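**Student:** Let me give you the structure first, and then I'll get to my questions.
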Amino acid sequence: MPHRLLRFGLSKKYNEPRMFRSPEQLKKSYDVVIIGAGGHGLATAYYLARDHGITNVAVLERAYIGGGGTGRNTAIVRANYLTPEGVAFYDESVRLFQDLSADFDLNLFYSQRGHFTLAHSDASLRTMRWRAEVNKHLGVDSELVDTAFIKEKCPHIDLSCGGHAPVMGALFHPPGAIARHDAVAWGYGRGADQRGVEIHQQTEVTGILVEGDKVTGVQTNRGTVETSKVVCAVAGYTPPLLEMVGIKTPLVIQPLQACVSEPLKPWLDTIIVSASLHLYVSQSSRGELVTGASLDPYPIHSTRSTLDFVEGLSGHLLDLFPFLGDVKIMRQWAGLSDVTPDFSPIMGLSPVEGFYLDAGWGTWGFKATPVCGKTMSYTVAENKPHPLIEPFRLSRFKEFELVGEKGAASVGH
Ligand code: PYC
């Protein structure tokens, strides 16, 4: 149990300290400026300070900590990807997640549940078998399971799926987990702050200064700072920042919607995903069903959620769990996903010296948070790509070296 709980929960002597400071002014210069105080930006700052001793770092956030993709996802953690590059990368993330509550001394409600990706057709069974084999080859625990096994682990499921798309089997990934997403950002933020990193909220980047082809500073609505290293970690807000430095990428921004139900008594221990039904669902530690669907099928910069989405999603949820008919949806929202053509991220160095990219997260930014922090901090400190992210370099698009990961998407986007 985190010691803080005992110290601050049981004694009047201690006031709970603030998670991080809010410095009043920007300094004249920083060794590194990170744009975006979501999980990725804060994790990069944390590991820069903790592992590389680089603490003269500012994290700039136009709104508030964790208010973008970090607070808008469905908090699923897994490593059962399709490509060897993706499996190795997300496996490291799962490993880091497993120790994070202890690292932070903060309860992230990390809960290992087991992750089922249901197959409703021969074609999808074939993909699940393929993923299971790649996973096992790389030491990741995944296997193809039959319907009896699914029913044993998730007794409430209707495997006939309303009679129109019977479940034929599944990819089962025991390490699949959920976590409290906001707390991940707070933990990284607090840890970075404690090591001297400055977090500046409500600080919008309005320009990036480049001389020759080198970064020299950042302009903000609160003044200009000098720096020779800038990390761009803003997910759905990436394209306007890239325009400031003249970098072109094939990113497209699409909304991804999700919702939660009213709290229910615990009944769903596992994470259930169906690509054919465009659905993923888990039950949080508060009892809410946390569920979502595919990307909205059009590029638009909006975080509004729609009635269409809840209607479609509820129909599919009822196909698998018909007894949920009277359950109320309490909240719904959308996040902005920066989607690449091969569904792998864009990470590492860029054509502008000192400008580092952490982008292209599409629908799996949350689960990559710790490994992004680890690999981006290494890349910035050493000015060379960490081996785990080398395949995700921007130049792969012109080199025709794509890392096709779409087959590992939870749902059919
Ligand atoms: O890839 O696990 C996933 C996921 C869930 C929600 C969005 N993506």
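The values are calculated or read from the model by the stated rules, or taken from the named source; none is laboratory data. The structure displayed is predicted, hence computed values, not measured ones. Note that we place each Cβ from the backbone using ideal geometry, even for glycine, and neighbour counts take in every protein chain shown. Only protein heavy atoms, including side chains, enter the accessible area calculation; ligands, DNA and RNA are left aside. Shrake-Rupley method; radii C 1.70, N 1.55, O 1.52, S 1.80 Å.
**Student:** Rounded to the nearest 500 deg cm²/dmol, what is the calculated helix-only ellipticity per residue at 222 nm for the chain, with -39500 (n - 2.57) per DSSP H run of length n ≥ 4?
**Tutor:** -9000 deg cm²/dmol
**Student:** Could you pull out the pairs from Lys28/Lys367; Lys12/Lys367; Lys265/Lys374; Lys151/Lys328 whose alpha carbons sit more than 32 Å apart here?
**Tutor:** In this structure, Lys28/Lys367; Lys12/Lys367; Lys265/Lys374 exceed 32 Å between Cα atoms.
**Student:** Suppose every K and R has +1 on its Cβ and every D and E has -1 on its Cβ; what is the size of the dipole of the chain about the Cα centre, in Debye to the nearest 20?
**Tutor:** About 980 debye.
**Student:** Could you report the chain's accessible area per residue, 1.4 Å probe, as an integer in Å²?
**Tutor:** Spelled out: the 1.4 Å probe surface of the chain, per residue, equals 43 Å².
**Student:** Would you kindly state how much longer the chain becomes between Glu390 and Asp308 on full extension, computed as 0.36 nm times their sequence separation minus their alpha carbon distance, in nm to one decimal?
**Tutor:** Computed gain between Glu390 and Asp308 is 25.6 nm.
**Student:** Ordered by packing density, taken as the mean number of other Cβ atoms within 10 Å over each peptide's residues, highest first, how do 64-71, 182-189, 293-300 rank?
**Tutor:** 182-189, 64-71, 293-300
**Student:** What distance in nm separates the two pseudo spin-label positions at Met168 and Glu133, each 7 Å out from Cα along the beta-carbon direction?
**Tutor:** The modelled label-to-label distance comes out at 1.6 nm.
**Student:** Under 5 Å between amide hydrogens, which residues at least 5 positions from His278 or on another chain qualify, with H placed 1.01 Å from N in the peptide plane?
**Tutor:** So His278 has HN proximity to Gly412.
**Student:** Gain in length, Arg222 to Gln202, computed as 0.36 nm per residue apart minus the alpha-carbon separation, to one decimal in nm?
**Tutor:** 6.3 nm
**Student:** Quick one: dipole size for the range 301-361, taken about the Cα centre, charges +1 on Lys/Arg Cβ and -1 on Asp/Glu Cβ, in debye to the nearest 20.
**Tutor:** In debye, rounded to 20, the range 301-361 gives about 260.
**Student:** Check which residues have an amide H placed less than 5 Å from Gly207's amide H, if you skip close sequence neighbours.
**Tutor:** Under 5 Å from the amide H of Gly207: Gln219.
**Student:** Give me the distance in nm between label points sitting 7 Å out from Cα along the Cα-to-Cβ direction at His156 and Lys27, one decimal.
**Tutor:** It is 5.1 nm.
**Student:** Once you place label points 7 Å from the Cα toward the Cβ at Met330 and Glu243, how far apart are they in nm?
**Tutor:** Simple spin-label model gives 3.9 nm for this pair.
**Student:** Which of the trypsin sites (Lys or Arg not before Pro) across the range 15-54 are loop residues per DSSP, with 16 or fewer other Cβ within 10 Å?
**Tutor:** Those that pass, being in a loop and sparsely packed, are Arg18, Arg21, Lys27, Lys28.
**Student:** Would you mind telling me the share, in percent, of accessible area of the chain contributed by carbon and sulfur at probe 1.4 angstrom?
**Tutor:** Carbon and sulfur together cover 52 percent of it.
**Student:** Within 10 Å, count the other beta carbons around each residue, average over each peptide in 197-209, 393-405, and list them highest first.
**Tutor:** 197-209, 393-405
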